[in-house]
């Protein structure tokens with residue numbers, strides 16, 4: 001399997017551990033990542049707020065880059081996934097397409113709309129397949145109760161993203177079970193992490209993050225795992241602020257999606273960048289009892 | 001063909017704040033056709049098992065918006081939520097009152113906070129007194145003018161969106177999705193004369209708390225798509241007022257930030273949004289993160305083809321329309 005790798009900004013910067021873990025897991029599963037130094041930021045939803053058509057055009061350019069190479073695009077961020085697939089949907093509107101073409105054609109860029117945008121979660125669960133992943137598990141995550149945290153833009157708006165059920169998704173939980181972990185179901189798993197207003201309304205953002213972490217904990221989670229590095233910033237890097245906002249300690253380790261996969265496939269915590277987290281993951285990793293197979 | 005029957009288990013939230021020390025869940029099990037709406041099941045429970053069960057409903061046809069409640073944690077109209085799929089997904093049906101509004105009794109909430117936010121947007125046409133609408137005459141609109149409303153006129157004010165909104169949950173001063181979707185409806189109404197004033201009035205604390213999580217759009221039974229209309233309001237507000245709020249500064253700052261290199265320069269964005277005072281208030285947190293993730297101060301190298309990005313901005317980002 002060969003995919004155009006779209007790491008997004010955060011995984012190239014403060015969330016580098018996500019990029020490390022993605023590369024490790026893709027190597028282990030035989031997914032070839034083709035890199036394009038020409039990709040720009042997806043706009044992260046903020047450019048969309050400031051100028052919708054500009055945001056669509058920037059992503060049409062990104063999509064056209066993969067299209068020219070005849071590849072589908074692999075994202076590792078719920079927001080990148082949402083913004084790039086939303087561009088595909090909005091370009092179905094002839095008026096939007098005409099304005100975007102007007103900006104891209106003079107640059108020799110053609111968007112045809114044949115490139116699919118695929119998040120790593122869905123590549124792992126639908127294309128690599130749970131059986132193939134199960135077969136590669138060398139360290140089942142038995143004993144570890146993990147609350148998946150999907151990230152809004154992987155799920156919603158469901159009709160425009162053609163995502164799995166926005167309210168009852170199950171791909172991440174099925175993957176966690178295939179890795180030997182026990183998935184924890186809680187309301188917060190499909191809720192918002194607060195990140196979009198982290199710098200706009202910090203106290204509100206942290207309260208929202210705190211609510212989701214509390215909910216995961218109340219349902220028995222030892223750790224959370226997210227396919228979105230922006231959620232990771234809210235839940236991990238700003239967890240101390242969330243604790244302040246809800247008025248009690250939280251101490252919830254939060255994994256990136258490929259880190260939980262990598263752990264089960266035999267990677268070391270260092271190879272997955274776990275020491276870079278703000279909330280230590282060591283206690284959660286120590287809970288793994290290799291002999292227990294879910 | 002007789003419809004398939006399911007044995008449905010309901011765990012229904014019961015609470016009388018004046019009497020009960022704490023809320024409880026009462027369990028009822030009924031054999032019902034799988035397409036039975038949750039509302040019909042609740043009315044059977046009330047009629048046949050427990051007449052004290054308190055709920056609000058009226059039309060039973062998804063028109064009046066009275067029976068919004070939480071079904072297995074989703075804010076929904078009970079009258080159009082069939083029990084079959086809920087049983088298949090969850091093995092039981094947990095019925096709770098809407099969130100973000102205080103419970104009066106059982107499934108009935110006090111909607112005062114919701115309506116207060118609605119009042120705040122002045123939900124009526126504001127006309128120019130010097131140029132009143134001619135009495136007894138209609139104001140024709142072009143198809144394009146009607147299209148601009150989107151689905152916002154279909155809103156039945158059921159409050160499912162308000163119940164689903166995490167921003168309302170964390171900040172009750174936020175107007176919430178319904179009030180903002182209604183605001184949009186007046187801002188695009190060609191008869192209204194207060195468009196810009198409406199945008200200016202709602203901005204302080206009103207618009208930029210929206211997380212664009214789209215939970216409201218998912219909850220809305222009428223496809224009003226509040227989150228997308230709030231997005232439209234944000235772009236309009238930037239055009240009217242420029243980047244004056246932390247939220248609009250963040251959006252415009254982000255847009256300008258990636259124009260420079262094609263990728264985000266993380267630490268610079270904090271400066272763009274929060275100014276020096278904001279950077280100072282974030283300093284301790286920044287140092288904490290920097291120790292583990294020194295890349296937060298890294299300036300990313302420009303992408304290859306940054307000139308293409310610049311040309312796209314030149315073609316589509318008119319500085320008069322929200323650029324800086």
Restricting attention to the range B:180-205, which residues are over 28 Å from residue B:140 (Cβ atoms), within 14 Å of chain A (Cβ to nearest Cβ) and touching a residue at least 40 places away in the same chain (Cβ under 8 Å)? B:203, B:204
Select from the range B:70-85 the residues that are touching a residue at least 60 places away in the same chain (Cβ under 8 Å) and under 22 Å from residue B:106 (Cα atoms) and write down the one among them that is surrounded by the fewest Cβ atoms within 10 Å (Cβ to Cβ). B:80
Counting just the residues of the range A:34-48 that are surrounded by fewer than 18 Cβ atoms within 10 Å (Cβ to Cβ) and within 14 Å of chain B (Cβ to nearest Cβ), which one comes out nearest to the chain's Cα centre (by Cα)? A:35
Check off (1) free of Cβ contacts under 8 Å to residues at least 60 places away in the same chain; (2) more than 14 Å from every other protein chain (Cβ to nearest Cβ); (3) surrounded by fewer than 22 Cβ atoms within 10 Å (Cβ to Cβ) for residue A:178 and give me the number that stays unchecked. (3)
Mind listing whichever residues of the range A:144-159 are surrounded by 18 or more Cβ atoms within 10 Å (Cβ to Cβ) and within 9 Å of chain B (Cβ to nearest Cβ)? A:152, A:153, A:155, A:156, A:157
Here is a list of conditions, (1) away from chain B (no Cβ under 12 Å); (2) surrounded by fewer than 22 Cβ atoms within 10 Å (Cβ to Cβ), and residue A:16 meets all of them except one; can you say which number that is? (1)
Among the candidates A:31, A:109, residue that is more than 11 Å from chain B (Cβ to nearest Cβ) and at pLDDT 95 or above: A:31
Among the residues of the range B:1-43, which ones are over 13 Å from residue B:107 (Cβ atoms), under 32 Å from the mean Cα position of the chain (by Cα) and not in a loop (DSSP other than H, G, I, E, B)? B:8, B:9, B:24, B:27, B:37, B:40
Which one of these is at pLDDT 95 or above and within 11 Å of another protein chain (Cβ to nearest Cβ): A:216, A:221, A:237, A:225? A:237
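Yes or no, residue by residue, for (1) surrounded by fewer than 19 Cβ atoms within 10 Å (Cβ to Cβ); (2) within 19 Å of residue A:11 (Cα to Cα); (3) within 8 Å of chain A (Cβ to nearest Cβ):
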| site | (1), (2), (3) |
| --- | --- |
| B:238 | no, no, yes |
| B:258 | no, yes, yes |
| B:275 | yes, no, no |
| B:291 | yes, yes, no |
| B:298 | yes, yes, yes |
| B:308 | no, no, yes |
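The values are calculated or read from the model by the stated rules, or taken from the named source; none is laboratory data. These figures come from a predicted structure and were not determined experimentally. Reconstructed Cβ throughout: ideal geometry from the backbone, glycine too, with neighbour counts over all protein chains shown.
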